[in-house]
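Structure record follows, encoded as structure tokens.
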Amino acid sequence: MPTTKSELPTIVRVLGYAGLIPFIGLAFMVQLADSPNDLIALESLVAYGAVIVSFLGALHWGACFRTLGETTQNRWMDHSVWIWGIMPALIAWLAIHIFIPLALLLLAATLLVQRAIDQRTYPNYFANIEIANAFLRMRTHLTVVASVCLIWAGLTSLIRNY
């Protein structure tokens, strides 16, 4: 079925939602698996969360390459986006080196902050505002589920005293 001008392509939706499988599966493993598989799931969840957080930051750089060299008189597009684009990767790198429950909560918080920033910035990246809004709706769904999984696993691991 072809997409409308206000609908994301099927491949974008399928890959986006498929990206939740590791979050959900690993969060369940943290809750249900016996040791040491629960600890392996925790470590894998931190790693996957760090990769996704980094990827979402990199999207800002990718979006700005289409206007690289042009001055837009928009401070975000001309300067701040480049700085913000690397911040999630630095936070993710930190997360893989700290206490796992704290890392999971940090990654969840980063996803939520990224989503709030993206609400204001993504309209600058899309030629079609309806597509931008459709993408942001999907991002909201993905962010909520991923954040809940990270928080759930982080709290579970605290309760289990990892």
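The values are calculated or read from the model by the stated rules, or taken from the named source; none is laboratory data. Note that this is a predicted model, so its numbers are computed, not measured. Glycine also receives a Cβ, built like all others from the backbone with ideal geometry; neighbour counts cover every protein chain displayed. Just the protein is used for accessible areas: all its heavy atoms, side chains included, with ligands, DNA and RNA removed. Shrake-Rupley method; radii C 1.70, N 1.55, O 1.52, S 1.80 Å.
Checking the structure you have, find out if any residue of region 153-160 is under 17 Å from the mean Cα position of the chain (by Cα) and either open to solvent by less than 70 Å² (accessible area, probe 1.4 Å) or without any contact (Cβ under 8 Å) to a residue 40 or more places away in the chain (or both). Scanning region 153-160 turns up at least one residue that is under 17 Å from the mean Cα position of the chain (by Cα) and either open to solvent by less than 70 Å² (accessible area, probe 1.4 Å) or without any contact (Cβ under 8 Å) to a residue 40 or more places away in the chain (or both). For region 119-129, state whether one or more residues are surrounded by 14 or more Cβ atoms within 10 Å (Cβ to Cβ) and basic (K, R). No, the conditions are met nowhere in region 119-129. Number of residues in region 68-110 that are farther than 24 Å from V148 by Cβ, in contact (Cβ under 8 Å) with a residue 12 or more places away in the chain and not in a helix (DSSP H, G or I) equals 1. Within region 29-67, the set of residues being under 18 Å from W82 (Cα atoms) and open to solvent by 80 Å² or more (accessible area, probe 1.4 Å) comprises F55, W61, F65, R66.
Table: residues versus (1) closer than 30 Å to P101 by Cβ; (2) part of a helix (DSSP H, G or I); (3) not polar (S, T, N, Q).
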position	(1), (2), (3)
V12	no, yes, yes
G16	yes, yes, yes
Q31	yes, yes, no
S35	yes, no, no
G49	yes, yes, yes
V53	yes, yes, yes
G57	yes, yes, yes
W61	no, yes, yes
R66	no, yes, yes
